[in-house]
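One structure is given here, and the rest of the page talks about it.
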Amino acid sequence: MKRTPLYNIHMESSGRMVDFAGFAMPVFYTSIIEEHMIIRSSAGLFDVSHMGEITVKGDSAALFLSRLIPTSMSKLEPGKGMYTLFCFENGGVIDDLFIFMINEKSYYLVVNASTVDKDFAWMQNHIIPGVEIENISDSTAKIDIQGPKSAMVLNKIFDKKKIDNLKRFHFYFDDFTGTEIMISNTGYTGERGYELFIENSKAESLWERLMLEGAEYGIKPAGLGARDTLRLEACYSLYGHEINEQINPLEANLGWLINSDKEYIGRSVLENLKKNGSEYEQFCLELTGRGVLHEGYKVLHNGEEIGCITSGIYSPLFKKGLALIRVKRGVLSIGDKAEVQIRDKGIEGEIVKRPFYKFNG
Amino acid sequence: MSNPDRGMNVPDDLKYRENHQWIKMIDDITGICGITDFAQDSLGDITFVEFINNIIGSENPEDEKIAIIESPKDSFDVYSMVSGKILEINRLLEDSPELLNSDPYGDGWIFKIEIEDAMVLEDLLEPDEYLETILPDDFI
C-alpha cells in the first residue's frame, strides 16, 4: 500500500488506517462525529495527499482542456478555479475534478486518487500539439484546512491580507519556510476552508505548524470518515458513488456543469440530456424511521422500486440518517414520502430540499 | 505502533469469541454478552443498535443473529455466541448506543442468555487467546 508523506504523523496521532485507492489513509483518529463537529464549529485538517495533481502547460493548454470538459472556461481567470468533469462520448463520467487557472498557458488540475492514472491516460490520448501534461501526484502533498476558523489559523502563518481577501474558488501562491505553496479557498465540507498544495518534503512541517497555530481553536486532524459525512451533508458528489462511468452528470444533479459552447467530448449526448432530461434523477432523502442508510439500499415509492441510495450516512450534525438517492425521473417531488428497504424492512423517509447543509462561507 | 493500549482492554473474568464478543457467566447457566473493547474501538462512534424482532424468549443456535450495531464507518452483527434462550436484551442501547463505546463490558452489555449446555464454554477463547487473535495484524 502506498503512503502519503504524512503517514508517520497519522500513526503518531492514532489514525485508524484503511486502504483507500491503494493508499493507507486514516478513516478517523478519535471519532468521526467529533472530527465532523469540530469542522462545523471551528477547524480541522485533512491529509488528502493521495489525490491526483496534473499540470497542463503550453500555448494550446486552454484549447486542449476545453475539448475535455463540458463546462465553459470563460468562468476562469488567472488565480481562479472551477469544478468540472471529464466525460466519455456517451456522457458517462470519467472523473470529477477542479481546474485552477494559473495563467492562459498554465493550468493545475486536481483529480481523484482512484482515477488519476485513468485521467492522465485519457488526457494523453487526446493530447494536441502545443500542450505538455505532467502527473505530479507522487511529489505533491495536499492538506485541507476546513471550518469557520480556518482563515484565522492561516493568518498566523501566511500573508494575512491575501488570505482575508481570497474569494471563494480563488487561489494564490505563498511561501512556507522557503518553499512555494498553493493556497485555494475551496473545499469539500460545506464550510469555509482552504486547500494547501506543497511538495512532499514540507508536508510534515506544514501539518505540524497548522496544528500548532490551530491549537487555540481546538483544531483536530480529521479522517476520510468525517470527510464523507461532511460532504454528504453539503450534497457534494463522490466519484464512484453519485457519478461513475455508467452514470451521466444529469443523474447526479450536475447538469449545471454543462454549459460550454466549444466542441468537447460528449457534447451532443450531454446537451441532449440537459434538454430532454435523463432517465434517473437525484434527490435528498432524510430518514424519518429508525435505521442506518447505506449505498445500494433500494428506494420504494408506493411499494414500487424506483431506485437506490448512492451514499448514505448517519449525520453527526442533524443526528439522523441522510442519503443521496438516484431514482427514476418524475416520480418524486420535495416533501414526498419514500421507503428505504433496510434488510427485510421498509423504513420511511422524506424527500427534502437540497442541500441538507447550506454552504457556510 | 501508535497507541498500543487502545482497544486492548481484555478483562480476565470473561470468555471470548474471534468475532469480538464476550460472555460473562453470572451463574452456572446464565451469561451476559457484549462486544469487546477492541470491537467498539474499531467501529468508532456507535450510532445505532437494533435488536432482531421477538428475540426475547427465543431458543437460538450459536450462530443466530441477535442485534445489529452500526457506526458511521461500519456495521457489526451480534450473534448469540452459544446456543441458548435469550432472557433479556439491553433496551437502553436503542436510545443510547454510545454506551457500547463508553462501557462495552458494563452498561454496554447487549443480551442475557441461558445456555443450553455449559460444556460449550470450553470452546470459547480465554482472554490471552482472544488477545492473540487481535494482535498484531489487525492493529497497525
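The table below gives the values:
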{"quantity": "Subset of segment A:20-37 that is in a helix (DSSP H, G or I) and surrounded by fewer than 23 Cβ atoms within 10 Å (Cβ to Cβ) - its residue that is farthest from the other protein chains (Cβ to nearest Cβ)", "calculated": "A:37"}
{"quantity": "Flag for residue A:217 being touching a Phe, Trp or Tyr at 6+ places or on another chain (Cβ under 7 Å) and either in the same structural domain as residue A:348 (by TED's automatic domain parsing) or surrounded by 17 or more Cβ atoms within 10 Å (Cβ to Cβ) (or both)", "calculated": "no"}
{"quantity": "Residue A:41 open to solvent by less than 10 Å² (accessible area, probe 1.4 Å), closer than 30 Å to residue A:148 by Cβ, assigned by TED's automatic domain parsing to the domain that holds residue A:186 and polar (S, T, N, Q)", "calculated": "no"}
{"quantity": "Qualifying residue in segment A:307-317 (condition: surrounded by fewer than 13 Cβ atoms within 10 Å (Cβ to Cβ) and not aromatic (Phe, Trp, Tyr))", "calculated": "no"}
{"quantity": "Filter result for residue A:293 (open to solvent by less than 40 Å² (accessible area, probe 1.4 Å), over 30 Å from residue A:150 (Cα atoms), touching a Phe, Trp or Tyr at 6+ places or on another chain (Cβ under 7 Å) and not in a helix (DSSP H, G or I))", "calculated": "no"}
{"quantity": "Criterion violated by residue B:127 - all others in (1) touching a Pro at 6+ places or on another chain (Cβ under 9 Å); (2) surrounded by fewer than 22 Cβ atoms within 10 Å (Cβ to Cβ); (3) within 14 Å of chain A (Cβ to nearest Cβ) satisfied", "calculated": "(3)"}
{"quantity": "Filter result for the condition that a residue is free of Cβ contacts under 8 Å to residues at least 12 places away in the same chain, within 14 Å of chain B (Cβ to nearest Cβ) and in contact with a strand residue (DSSP E or B) (Cβ under 6 Å, 6 or more places away or on another chain), over A:1, A:17", "calculated": "A:17"}
{"quantity": "Residues that are open to solvent by 10 Å² or more (accessible area, probe 1.4 Å) and within 21 Å of residue A:98 (Cα to Cα), drawn from segment A:166-184", "calculated": "A:166, A:167, A:168, A:169, A:170, A:171, A:172, A:173, A:174, A:180"}
{"quantity": "From A:332, A:287, A:270, residue being outside the structural domain of residue A:167 (by TED's automatic domain parsing), buried (at least 16 other Cβ atoms within 10 Å of the Cβ), at pLDDT 95 or above and within 23 Å of the chain's Cα centre (by Cα)", "calculated": "A:270"}
{"quantity": "Condition met for residue B:65 (touching a strand residue (DSSP E or B) at 6+ places or on another chain (Cβ under 9 Å) and under 23 Å from residue A:222 (Cα atoms))", "calculated": "no"}
{"quantity": "Residue check, residue A:105 in contact with a helix residue (DSSP H, G or I) (Cβ under 6 Å, 6 or more places away or on another chain), at pLDDT 95 or above, surrounded by fewer than 20 Cβ atoms within 10 Å (Cβ to Cβ) and under 24 Å from residue A:129 (Cα atoms)", "calculated": "yes"}
{"quantity": "Segment A:285-296 residues that are within 11 Å of chain B (Cβ to nearest Cβ) and closer than 14 Å to residue B:70 by Cβ, paired with ones that are aromatic (Phe, Trp, Tyr) and not in a loop (DSSP other than H, G, I, E, B) (beta carbon under 6 Å, 6 or more apart)", "calculated": "A:292/A:314; A:292/B:48"}
{"quantity": "Wholly enclosed helices (runs of 4 or more DSSP H) of segment A:127-231 bearing at least 1 residues of a type outside the set (Phe, Trp, Tyr) and touching a Ser or Thr at 6+ places or on another chain (Cβ under 6 Å)", "calculated": "none"}
{"quantity": "Residue tally, condition within 12 Å of another protein chain (Cβ to nearest Cβ) and among the hydroxyl-bearing types (Ser, Thr, Tyr), over segment A:213-250", "calculated": "1"}
{"quantity": "Pairs, first polar (S, T, N, Q) in segment B:7-18, second part of a loop (DSSP other than H, G, I, E, B), C-beta under 9 Å, six or more apart", "calculated": "B:9/B:36; B:9/B:104; B:9/B:105"}
{"quantity": "Search result, residues across segment A:300-319 that are of a type in the set (Phe, Trp, Tyr) and assigned to a strand (DSSP E or B)", "calculated": "A:314"}
{"quantity": "Among (1) among the polar types (S, T, N, Q); (2) open to solvent by 10 Å² or more (accessible area, probe 1.4 Å); (3) in contact with a Leu (Cβ under 9 Å, 6 or more places away or on another chain), the one test that residue A:49 misses", "calculated": "(2)"}
{"quantity": "Single condition residue B:108 does not satisfy, out of (1) small (Gly, Ala, Ser); (2) within 14 Å of chain A (Cβ to nearest Cβ); (3) within 30 Å of residue A:10 (Cα to Cα); (4) open to solvent by less than 30 Å² (accessible area, probe 1.4 Å)", "calculated": "(2)"}
{"quantity": "Qualifying position, being touching a residue at least 24 places away in the same chain (Cβ under 8 Å) and either more than 24 Å from residue A:357 (Cβ to Cβ) or surrounded by fewer than 23 Cβ atoms within 10 Å (Cβ to Cβ) (or both), among A:231, A:227", "calculated": "A:231"}
{"quantity": "Complete set of residues in segment B:62-109 that are touching a residue at least 40 places away in the same chain (Cβ under 8 Å), touching a helix residue (DSSP H, G or I) at 6+ places or on another chain (Cβ under 9 Å) and charged (D, E, K, R)", "calculated": "B:62"}
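The values are calculated or read from the model by the stated rules, or taken from the named source; none is laboratory data. Being a predicted model, the structure only gives us computed values, none of them experimental. Backbone-built Cβ (ideal geometry, glycine too); neighbour counts: all protein chains shown. Only protein heavy atoms, including side chains, enter the accessible area calculation; ligands, DNA and RNA are left aside. Shrake-Rupley method; radii C 1.70, N 1.55, O 1.52, S 1.80 Å.
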